[in-house]
Protein chains: 2
Amino acid sequence: MGIILQKFGGTSVGSTEKIKQAAKKIIATVEAGHEVVAVVSAMGKQTDELVALAAGITERPSKREMDVLLTTGEQVTISLLAMALQEEGYEAQSFTGWQAGIETEPVHGNARIAAIDPQQLQNSLQAGKIPIVAGFQGVTTEQHITTLGRGGSDTTAVALAAVLRADVCEIYTDVSGVYTADPRVIPTAQKLKRISYDEMLELANLGAGVLHPRAVEFAKNYGITLEVRNSASDERGTIVEEDVQMENGTIVRGLAFEGNVTKLTLRQLPSREDTLANVFTLLAQHGINVDIIIQSVNEEKTDLSFSIDSTLLTETVSLLTSHQASLGYEKLIEQGELAKVSIVGSGMISNHGVAATMFRALAEKNVFIKMVSTSEIKVSAVVPQADMVKAIETLHDVFQLDAREVVPS
Amino acid sequence: MGIILQKFGGTSVGSTEKIKQAAKKIIATVEAGHEVVAVVSAMGKQTDELVALAAGITERPSKREMDVLLTTGEQVTISLLAMALQEEGYEAQSFTGWQAGIETEPVHGNARIAAIDPQQLQNSLQAGKIPIVAGFQGVTTEQHITTLGRGGSDTTAVALAAVLRADVCEIYTDVSGVYTADPRVIPTAQKLKRISYDEMLELANLGAGVLHPRAVEFAKNYGITLEVRNSASDERGTIVEEDVQMENGTIVRGLAFEGNVTKLTLRQLPSREDTLANVFTLLAQHGINVDIIIQSVNEEKTDLSFSIDSTLLTETVSLLTSHQASLGYEKLIEQGELAKVSIVGSGMISNHGVAATMFRALAEKNVFIKMVSTSEIKVSAVVPQADMVKAIETLHDVFQLDAREVVPS
């Protein structure tokens, strides 16, 4: 009957009613004999409201002051959740990031956790209280308030689970777990009972959106078992852990997909050692994230293709065009209205026919593949956006993701 | 060219536009060659919104968690005001209560400042920055967040002015200074150029509402010159300081008044040493504030009258009734719909005719005085609420408060 870390995201604490629901989850866990530490995000749309306030002052707020502003969001939630527990007769105590001993590196807007001093939280637990911790925030050794950036509350929860040696870190959200594909698009998608860190990491990076990749990596590194659960129901969610026992048939565990992809091609780059470095250093310096990269070297000239989010297209094209001379390419070709569909599963490592099955299935449906990228447990294909749904329906069917319990519990 | 402390109240930072105005005040002072430290309250109605959120959770929120909740209000303002200054090209840095080194006693909701470590603020000033400090809040040695209660931001400003040895502490609000009477009621009321701490204290305690009495006491104890100013204009306000030079004629400096007063009388109490103590200890234990007290001892029995805020009437009567046997009184008489009108001026000390002038003037207008209370620099009379405005108009006229510059500058 050890410690359970429970993290409630913004939609799970989006109103006073939902905060009371979250309190009931915590109470049920306490009554089952566990010690609970809760981590919460800001209430639903509150972050947007705070951002709008700053926008009323300046178009370029300093990152330090944005951190001071945004961290009030979770501070509101911790106090309200503590009150909700007290109202039900349970002793609870709220902790901001600095009160919880969460020290970060001296970076604003996207800091990493440097150290955690859990003494205050442990004192609170030993006094029989339920600590409620503000996620997403920390403090530097110089006492500046910092935030952890996107997915920060997940990261806070996992980090506290590690330092407090919690048995499990439950992530409450508005979906019931991790699915073989987005159920809003594929109605027959199945909830996974278990998934490995690496599979979750691929799905998270691919935009499945349930858990932030940083938090998953952290959990993997410290061996923290995660469970993604729905805050509005009592059903079990999806457990994320190491060494998932596989059925033979479940090579592909899930599908991910995202639209709004553009492919750019630089034709006839000079074939030199620093060609790739020059292109991608330039893009990185301007904060342009590149996803899939394909290079084909052809004697003295290289053709280089890569995919970006379509919202970055104008900026990227203007940047590359203004550096055409120094980069030395002959022509820039853009191709928009694309989408990325991916299959994920650790069973792929030992099953090389998976990619072939994927490509054949798409070909039979006349889905033209523009780019391919693979990792040990993932195959991604860039296809026309108009064919995205057809592609994932086809793959969900071909890999029999809707047929049965995907993983034995 | 020393340090100037500038405090902006809730109405002076009630919107992003007003925050930009406050920034302009600060910049003008900096450009005049001063170092500025600003103290701010929560934006206008934000505290009410936070209180409403808590009310959605529980009817009796814990004081600790209310402090955690409410202190987010000033934290929002400090970040926005810092951004507004940065937008204009000035280096500013926000400080929450704990970041500013404001340590309080371990009490929630109404803590007093125990100590201030100004090191971080001094570092900020030395680095050429403008520190923006959250008023109303502090931290205990055990790292709990506390609030200073009503008028807390004024108190923060004056305390920082003391510890930083500021030349003056400017209190920006939505009125232009301290008036001889409330200008909304007495249109001919005059703004005072100067007023003494003691006079301000009496006016503040009497509900003139511009400055909180705690802050005035603090300023008096540490000799901090205050200036009450309007955040929406550039005119000079009212200076509050020691040893104001008096004109002969200006015995009465200002009027204060408040309605909603009820007089309670306990008839035929036993005349014992502990009678008063018993009554007022009982009331104090239930948080009932008593204002004017009148006692008339008559051989073995005592009649005791006192005034309370009418909103406390039901609770007070029920409390006294349930203790009738132990207190030993024969009858409880209540008289509601009363008001208190007061004249204030340090010149009264050496002019005993002032009270007589007041009583005669009211009598001539047929205003019946129900209770009287006096201090060295104040005379208060409780009168029927229906006569309140007539009473203050009469007094404003009799003491010639609308006739001229009340104090030479």
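Taking only C-alpha pairs under 8 Å that are 6+ residues apart, what is the relative contact order of chain B in percent?
14
Just the accessible area per residue of the protein assembly as shown, please: how many Å² with a 1.4 Å probe?
Per-residue accessible area for the protein assembly as shown comes out at 43 Å².
Suppose only helical runs count, i.e. DSSP H with n ≥ 4. What mean residue ellipticity at 222 nm does that imply for chain A under -39500 (n - 2.57) per run, divided by all residues and rounded to the nearest 500 deg cm²/dmol?
Only helices count here, giving -10500 deg cm²/dmol.
Could you work out, residue by residue across A:49-62, how many beta carbons of other chains sit within 10 Å of that residue's beta carbon, and then give the average as an integer?
The shielding value for this peptide is 5.
Which order do the peptides B:78-90, B:48-60 take when ranked by the mean count of other beta-carbon atoms within 10 Å per residue, highest first? Before the final figure, lay out each step's value.
Values: B:78-90: 24.0, B:48-60: 15.2.
My ranking of the peptides, most packed first, is B:78-90, B:48-60.
Just to verify a number: what accessible area does B:Ile113 come out at with the full protein assembly present, 1.4 Å probe, Å² rounded to tens?
Accessible area of B:Ile113: about 40 Å².
With all distinct Cα pairs included, what does the Kirkwood hydrodynamic radius of chain B come out to in Å, to one decimal, could you say?
23.1
Taking a ≥ b ≥ c as the square roots of the Cα gyration tensor eigenvalues, with a/c under 1.5 meaning rounded and otherwise prolate when a/b beats b/c, else oblate, which class fits the protein assembly as shown?
prolate
Against the longest alpha carbon principal axis of chain A, how many degrees, from 0 to 90 and to the nearest 10, is the axis of helix A:16-31 turned?
Value to nearest ten degrees: 70.
Defining a contact as two alpha carbons under 8 Å apart and six or more residues distant in sequence, what relative contact order in percent does the stretch A:3-241 show? Numbers along the way, then the final one.
Working: 521 pairs, mean separation 50.3, N = 239.
The normalised contact order for the stretch A:3-241 reaches 21 percent.
What angle do you read, to the nearest 10 degrees and between 0 and 90, between the alpha-carbon axis of helix A:152-163 and the longest principal axis of chain A?
Here the helix axis deviates by roughly 60 degrees.
Between the stretch A:187-206 and the stretch A:260-314, what is the C-alpha centre distance in whole Å?
So the two Cα centres are separated by 30 Å.
Assume the label is 7 Å from Cα along Cα to beta carbon: what separations in nm does A:Asp309 have to the matching positions in the other copies?
So the label point of A:Asp309 gives 5.1 nm to the other copies.
Number of Lys pairs in the stretch A:272-409 with C-alpha atoms less than 14 angstrom apart, excluding same-chain neighbours closer than eight positions?
Details: A:Lys301/A:Lys331; A:Lys340/A:Lys370; A:Lys340/A:Lys378; A:Lys340/A:Lys390; A:Lys365/A:Lys390.
Number of lysine pairs found: 5.
Students sometimes get this wrong: rank B:Asp67, A:Asp117 by accessible area, probe 1.4 Å, all chains present, largest first. Intermediate values should be presented prior to the final figure.
On the way: B:Asp67 5, A:Asp117 90 Å².
The ordering from most to least exposed comes out as A:Asp117, B:Asp67.
Between A:Ala115 and A:Asn289, what is the label-point separation in nm under the 7 Å Cα-to-beta-carbon projection?
3.1
Write down the percent of antiparallel bridges among all DSSP beta bridges whose residues are both part of the protein assembly as shown, to the nearest 5.
65
I'd like the residues of the stretch B:126-148 whose 1.4 Å-probe accessible area shrinks by no less than 40 Å² going from the isolated chain to the full set of protein chains.
B:Gln143, B:Ile145
Please report Rg (one decimal) and Dmax (integer) in Å for the Cα set of the stretch A:254-398.
Both quantities, over Cα of the stretch A:254-398: 16.3, 48 Å.
Would you count, across the stretch B:3-241, every pair of lysines whose alpha carbons are under 16 angstrom apart, provided the pair is eight or more residues apart or spans two chains? Don't skip to the answer; put the middle values down first.
Details: B:Lys7/B:Lys18; B:Lys7/B:Lys20; B:Lys7/B:Lys24; B:Lys7/B:Lys25; B:Lys18/B:Lys45; B:Lys24/B:Lys129; B:Lys25/B:Lys129.
Lysine pairs satisfying the spacing and distance rule in the stretch B:3-241 number 7.
How many partner chain Cβ atoms sit within 10 Å of a residue's Cβ in peptide A:8-19, on average, as a whole number?
Values: counts 0, 0, 0, 0, 0, 0, 0, 2, 7, 2, 0, 3.
Going residue by residue through A:8-19 and averaging, the value is 1.
If you plug each phi of the stretch B:364-370 into the Karplus form 6.51 cos²θ - 1.76 cosθ + 1.60 with θ = phi - 60°, what whole-Hz ³J(HN,Hα) values come out, in order, with x for Gly and Pro?
Karplus values, whole Hz, x for Gly and Pro: 5, 9, 6, 8, 8, 8, 8.
Once R0 is set to 45 Å, what does the formula 1/(1 + (r/R0)^6) return for the Cβ-Cβ distance between B:Glu334 and B:Tyr222, expressed as a FRET efficiency to the nearest 0.05? Spell out each step's value before the answer.
Working: r = 42 Å, r/R0 = 0.94.
Calculated value: 0.60.
In nm², what is the average projected area of the convex hull enclosing the Cα atoms of the stretch B:3-241?
12.7
Across the residues of B:72-81, average count of Cβ atoms on other protein chains within 10 Å?
Partner Cβ neighbours, averaged per residue: 6.
With solvent modelled as a 1.4 Å probe, how much accessible area in total do chains B and A shield from it at their shared surface, in Å² to the nearest 100? Each step should come with its number before you reach the end.
Values: alone 19310 and 19280 Å², together 35110 Å².
That pair of chains buries around 3500 Å² in total.
Between 0 and 90 degrees, rounded to the nearest ten: what's the tilt of helix B:213-222 against the longest Cα principal axis of chain B?
That works out to roughly 70 degrees.
Give me the distance between the Cα centres of the stretch A:91-129 and the stretch B:316-387, rounded to whole Å.
54
Roughly what % of DSSP beta bridges within the stretch B:94-162 run antiparallel, to the nearest 5?
65
With a cut-off of 8 Å between alpha carbons and a minimum separation of six or more residues, what is the relative contact order of the stretch B:254-398 in percent?
Reported as a whole number, the value is 31 percent.
Sort the stretch B:157-221 into rounded, prolate or oblate with this rule: let a ≥ b ≥ c be the square roots of the eigenvalues of the Cα gyration tensor; rounded if a/c is under 1.5, and if a/c is not under 1.5, prolate when a/b is larger than b/c, oblate otherwise.
Prolate shape, in that a/c is at least 1.5 and a/b is the bigger ratio.
The values are calculated or read from the model by the stated rules, or taken from the named source; none is laboratory data. Here the structure is a predicted model, which is why all the values come from computation and not from measurement. Virtual Cβ from ideal backbone geometry, glycine too; neighbours counted across all protein chains shown. Heavy atoms of the whole protein, side chains included, go into the accessibility calculation; ligands, DNA and RNA do not. Shrake-Rupley method; radii C 1.70, N 1.55, O 1.52, S 1.80 Å.
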